[in-house]
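Trainee: Here you go, one structure.
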Amino acid sequence: MKTPGGAVEPRRDLDTRFFGHPRGLATLFFTELWERFSYYGIRALLILFMTAPAASGGLGFPVPKAGAIYGLFTAMVYLVSLPGGWIADRFLGQRRSVLYGGVLIAAGNLLLAVPGLTPFYAGLAVIVAGTGLLKPNVSTLVGQLYQPGDRRRDAGFSVYYMGINLGAFLAPLACGYLGQNINWHLGFILAAGGMIVGLVQYVADGRYLGDAGLHPAPASSPEEAAAQRRWLRHGILAAALAALGGFALDAAGAISLSPQLLSDVLGVLLFGTVAAFFGWALLSTRWSPAERRRLMVVGILFTASCLFWSVFEQAGSTLNLFAQRNTENRVFGWAYPASWLQSLNALFIITLAPVFAWLWIRLGAREPSSTAKFAWGLLSAGAGFLLLVAPASAAAEGAKVSPLWLVGVYLLHTIGELCLSPVGLSAMTKLAPPGIAGLLMGVWFVSLSVGNYLGGRIAGFYEALPLPMLFAAVGGFGVAAALLLALLVRPARRLMGSAG
């Protein structure tokens with residue numbers, strides 16, 4: 001409704017109990033806070049734990065192997081969001097999917113706390129499965145708290161994003177300290193405790209979510225329902241047979257299931273999945289012309305997101321190793337764990353997210369489109385790595401550089417993230433055709449999977465290439481991608497139509 005001056009007046013029946021947003025946003029805010037505490041606690045420790053000598057409690061892996069495992073894990077965490085979103089849409093509903101996913105994540109963290117390679121790999125696999133159920137569906141629930149046309153949606157996702165980053169800020173400080181200074185496995189136990197706290201809060205405050213995500217989308221016919229059940233059974237059977245076949249061939253000596261081989265297989269799976277989804281989405285006759293045009297925009301945003309995260313997600317690998325090996329990690333003579341620098345991005349998010357949430361609302365009709373925000377995000381990510389070229393040159397000569405360089409990198413990356421990540425979450429809920437909201441959110445997280453996969457492969461070059469060359473290549477790639485995306489801003493706005 002508009003006032004005589006043309007301003008939009010908020011509806012009086014809107015739930016505004018949580019900082020002007022629905023009260024259910026608080027429930028999801030704290031659920032995601034503790035899930036991210038769990039994930040970023042692992043992320044801060046993982047490559048350091050794998051490359052640490054066995055004498056100090058680590059696994060003693062070489063950097064290329066550790067980088068491959070790191071990229072494999074972080075990519076799979078987001079890749080399984082695609083089947084996780086589909087399972088929620090068709091069988092469980094978002095509410096139960098989040099609950100079951102959280103239970104699996106806590107169990108996986110506890111497995112990491114058990115010494116030995118078998119529980120280590122098993123723990124990573126269980127966390128992957130749990131995150132695939134929880135991550136896309138908790139974000140979909142946020143979108144379901146808002147009615148179509150509610151202009152608070154982007155701002156609401158920015159507030160929600162603060163919860164993500166509060167957990168990401170606390171995790172490296174707490175889990176990083178326990179893991180690096182006391183015992184690696186204690187850090188993993190603390191990460192499990194965070195997820196358990198999040199589950200208790202989610203169940204206790206679930207009533208504030210109303211009927212959001214309670215039920216899966218109904219099938220259009222009994223035949224479609226039967227086909228969906230067949231797809232689920234066949235998918236589970238295919239995954240089980242692939243795993244058993246791989247282990248059998250490995251045991252027979254026909255192949256060697258090295259992390260590098262599994263990473264190569266994942267790359268084929270990732271890009272094959274992306275091609276299959278967008279082929280189906282754009283060629284299917286079930287969509288109206290307007291919905292098909294919006295799915296084309298999803299493809300543009302998906303590609304931009306892949307490129308952004310391939311640069312940004314160097315934080316847990318390349319930048320983490322740079323902080324450990326090449327940065328002076330002392331303040332007034334007191335040494336602090338290198339993993340603490342992982343908290344900078346989250347600290348900047350917490351500080352700047354309210355500013356961006358206010359900015360998008362303040363701009364009103366002049367607010368940039370989602371595509372324009374993505375271009376700014378890519379530009380900031382690339383600029384962050386270009387900033388690091390000069391100190392990398394000094395580090396290559398054996399000097400320990402100031403941590404302020406990494407502070408600058410994480411600040412630029414944070415600005416880029418705020419232009420892209422919460423905006424992308426919001427855009428998926430606006431662009432999704434009816435009945436595939438969870439699936440499309442899963443597709444969004446597949447873009448993070450592709451980015452993490454590429455980032456992990458890049459991390460394998462940390463010792464093979466001169467650091468200035470590596471950082472310059474990554475930064476230049478981000479800037480070039482931003483300029484290319486800027487050319488697509490106007491065409492994408494026309495394709496989005498009323499959803500833009």
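The values are calculated or read from the model by the stated rules, or taken from the named source; none is laboratory data. Worth saying up front: this structure is predicted, and the values here are computed from it rather than measured. Neighbour counts are summed over all protein chains in view; Cβ atoms, including those assigned to glycine, are modelled from backbone coordinates with ideal geometry.
Trainee: Go through (1) crowded, with 24+ Cβ neighbours inside 10 Å; (2) more than 19 Å from the chain's Cα centre (by Cα) for Gly102 and report which single condition fails.
Mentor: Status for Gly102: all satisfied but (2).
Trainee: Further question: Here is a list of conditions, (1) part of a helix (DSSP H, G or I); (2) surrounded by fewer than 22 Cβ atoms within 10 Å (Cβ to Cβ); (3) over 21 Å from the mean Cα position of the chain (by Cα), and Arg90 meets all of them except one; can you say which number that is?
Mentor: Of everything listed in (1) part of a helix (DSSP H, G or I); (2) surrounded by fewer than 22 Cβ atoms within 10 Å (Cβ to Cβ); (3) over 21 Å from the mean Cα position of the chain (by Cα), Arg90 misses just condition (2).
Trainee: Another question, if that's okay. Give me a count of the residues in the stretch 321-340 that are in a helix (DSSP H, G or I) and closer than 14 Å to Val401 by Cα.
Mentor: Initial filter on the stretch 321-340 (in a helix (DSSP H, G or I)): 321-326, 338-340.
When the remaining residues are screened for being closer than 14 Å to Val401 by Cα, the result is 321-326, 338.
Number of matching residues: 7.
Trainee: Pairs, please: C-beta under 8 Å, at least 6 apart or cross-chain, first residue in contact (Cβ under 8 Å) with a residue 40 or more places away in the chain and among the hydroxyl-bearing types (Ser, Thr, Tyr) and in the stretch 192-208, second surrounded by 17 or more Cβ atoms within 10 Å (Cβ to Cβ) and not in a helix (DSSP H, G or I)?
Mentor: Short answer, once both residue conditions are applied: Tyr208/Pro22.
Trainee: Are any of the residues in the stretch 456-465 buried (at least 20 other Cβ atoms within 10 Å of the Cβ) and hydroxyl-bearing (Ser, Thr, Tyr)?
Mentor: yes
Trainee: Can you confirm whether Glu367 is buried (at least 20 other Cβ atoms within 10 Å of the Cβ) and either free of Cβ contacts under 8 Å to residues at least 40 places away in the same chain or of a type in the set (D, E, K, R) (or both)? Walk me through how you get there before you give the answer.
Mentor: Working: buried (at least 20 other Cβ atoms within 10 Å of the Cβ): no; either free of Cβ contacts under 8 Å to residues at least 40 places away in the same chain or of a type in the set (D, E, K, R) (or both): yes.
No; evaluated as a whole, the condition is false for this residue.
Trainee: Of everything in the stretch 83-127, what is in contact with a Gly (Cβ under 6 Å, 6 or more places away or on another chain) and of a type in the set (Val, Ile, Thr)? Give them in sequence order.
Mentor: Correct list: Ile105, Val126, Ile127.
Trainee: Would you mind finding the one in Leu214, Leu270 that is surrounded by 11 or more Cβ atoms within 10 Å (Cβ to Cβ), modelled with pLDDT of 80 or more and under 22 Å from Asp89 (Cβ atoms)?
Mentor: Testing whether each residue is surrounded by 11 or more Cβ atoms within 10 Å (Cβ to Cβ), modelled with pLDDT of 80 or more and under 22 Å from Asp89 (Cβ atoms) leaves just Leu270.
Trainee: Related question: Here are some residues: Trp358, Trp444. Which one is buried (at least 24 other Cβ atoms within 10 Å of the Cβ) and farther than 20 Å from Ala473 by Cα?
Mentor: Checking each option against the conditions leaves just Trp444.
Trainee: Let me ask something else. How many residues does the stretch 393-411 contain that are within 12 Å of Pro466 (Cβ to Cβ) and at pLDDT 90 or above?
Mentor: The first filter runs over the stretch 393-411 and keeps only residues within 12 Å of Pro466 (Cβ to Cβ), leaving 393, 395-397.
From what's left, at pLDDT 90 or above: 393.
So the count comes out to 1.
Trainee: Could you grab the pairs with beta carbons closer than 9 Å, sequence gap of 6+ or different chains, first residue in the stretch 299-319 and more than 12 Å from Ala381 (Cα to Cα), second one basic (Lys, Arg)?
Mentor: From residues that are more than 12 Å from Ala381 (Cα to Cα), the pairs are Gly316/Arg43.
Trainee: So, in the stretch 125-155, exactly how many residues are assigned to a helix (DSSP H, G or I), closer than 24 Å to Pro216 by Cβ and not aliphatic (A, V, I, L, M)?
Mentor: So in the stretch 125-155, the residues assigned to a helix (DSSP H, G or I) come out as 125-144, 153-155.
Still in the list and also closer than 24 Å to Pro216 by Cβ: 126, 128-144, 153.
If we keep only those that are not aliphatic (A, V, I, L, M) too, we end up with 130-132, 135-137, 139-140, 143-144, 153.
The total comes to 11.
Trainee: Mind listing just one residue for me: the one in the stretch 303-317 that is of a type outside the set (A, V, I, L, M, F, W, C), modelled with pLDDT of 85 or more and buried (at least 21 other Cβ atoms within 10 Å of the Cβ) and, of those, nearest to Leu48 (Cα to Cα)? Steps first, please.
Mentor: The initial filter retains those residues of the stretch 303-317 that are of a type outside the set (A, V, I, L, M, F, W, C), namely 303, 305, 310, 313-314, 316-317.
Going one step further and asking which of them are modelled with pLDDT of 85 or more, we end up with 303, 305, 310.
Next, only the ones that are buried (at least 21 other Cβ atoms within 10 Å of the Cβ) stay: 305, 310.
Details: Ser305: 27, Ser310: 20 Å.
Among those that are of a type outside the set (A, V, I, L, M, F, W, C), modelled with pLDDT of 85 or more and buried (at least 21 other Cβ atoms within 10 Å of the Cβ), it is Ser310.
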